[in-house]
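**Q** Here it is, the structure in full.
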Amino acid sequence: MEHITLLLAIVIVTALVFDFTNGFHDTANAMATTISTGALKPKTAVAMSAVLNLVGAFLSVEVAKTISGGIVNEDGLRTEVIFAALVGAILWNLLTWLVGLPSSSSHALFGGLIGAAVMSAGWSSVNGGTVVTKVLLPAVAAPLVAGVAALLATRLTYRIGGKIRNDAQEKATAKGYRAGQIASAGLVSLAHGTNDAQKTMGIITLALVTGGVLSPGSNPPVWVIVSAGLAIALGTYLGGWRIIRTMGSGLTDLKPPQGFAAQTSAATVILASSHLGFSLSTTQSCSGAVMGAGLGRAGGVVRWSTATRMFVAWGLTLPAAGLVGAGAEFLTKQGTWGVVVVAALLVGGSGAIWLISRRKPVGHGDVAPVAEDTLPAEPAGVVTQAIAAVSPPPTAAAQAHDLSATIPAPPAPVTADPARPATV
């Protein structure tokens, strides 16, 4: 610690600020479905997620090692490059939070790091093989795997519960699924802390290596693990209500069985990837699981207009953060005045985004469950219709139940008025 320079200290603080934005940006991953189905109250949900994010930060360092010694070459890397990378990641996180889009904080960090490294030392400074195998491939596979798993889990859940025929049974089953949602949401929060907090640990460790404090290949020191865990937990507790609203009801309307299936599928994918050192996006995994769960329920509709905007944000994250990181690195190469300008741009840009967000604030009261008939309707898209077309046919008992509920009984025969005498 005694060898940390002023520039290195600024980089560490900036990394913890990114970790903080990662926390409130990605709270929706764990708690959006739990809040939207009424399993937990909004403030209770984010408090629980914050604690488990902190615990998860201590479970592994595999992802941190991937970032600190895998994506870019440490030899000859300047500390200013790390600072420029973090500027790109923070600004992209704040911008997507402002518009309520669940983009990937992980890819924002990777994009900023790659762009700054290329501007500093050329394309040779980036380990292309690691980027492809541990960043790009998981980015494509994670939402697909989580989505398919959630779809199948939802289908299985409704098939098992297909014998429910009265309101009392339905309420009892929903209560059980809400309890399962709380447990699965806790698992997602734990997985998020294990995966995402490590990214900040990795970037701080990389900065310490470039500053000569640590030797290449070192594991994150304990104080780095603790500070990263606390920063992401604090950000999570504040709650990214804008993105929670999009994930909870903007993509699809979720019932407790679907929420349980989505969260369990996403947590499984995230924990498995963390164990293997794959630095995937928890946002993409959870979003894919939510859409899969939406398609898994008969009659469920995914709002493809929202999903399309989300897909566009996913595709833009790496290059957009990379361009900002490269521009910031171009300025820091000019000397001390360049670093000061970049810091001023970061503070000014962050402040401007916050002021814009105050025009239409979104709080915990805006993400509470709402009645289905008050949600905006959207016609089923091609994918939804295709999924519905291969749904198993309803059983005879279910058809009889549906007919009795939807076909009105014939009107009773009209009898003569006893008070009125009959005429001949």
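Each value in this text was obtained by applying a stated rule to the coordinates, not by laboratory testing. None of these values were measured; they are calculated from a predicted model. Cβ atoms come from the backbone with ideal geometry, glycine included; neighbour counts cover every protein chain shown.
**Q** Looking at the calculated P(r) for region 180-246, what percent of the C-alpha pair distances fall above 18 Å? Mind showing how you got there, number by number?
**A** Working: 1084 of 2211 pairs.
Beyond 18 Å sits 49 percent of the P(r) for region 180-246.
**Q** What base-10 log of the normalised intensity I(q)/I(0) is obtained for region 100-143 from the Debye formula, alpha carbons as equal point scatterers, at q = 0.23 Å⁻¹?
**A** Result of the Debye calculation: -0.84.
**Q** I'd like the trypsin sites (Lys or Arg not before Pro) in region 254-335 restricted to DSSP loop residues with at most 16 other Cβ atoms within 10 Å, sorted by number.
**A** Numbers: sites: Arg297, Arg303, Arg309, Lys333; in loops: Arg297, Arg303, Lys333.
Here the trypsin sites (Lys or Arg not before Pro) that fit, given the DSSP loop and packing criteria, are Lys333.
**Q** Using Cα centres only, tell me the gap between region 187-216 and region 318-351 in whole Å.
**A** Value for the Cα centre distance between the two parts: 22 Å.
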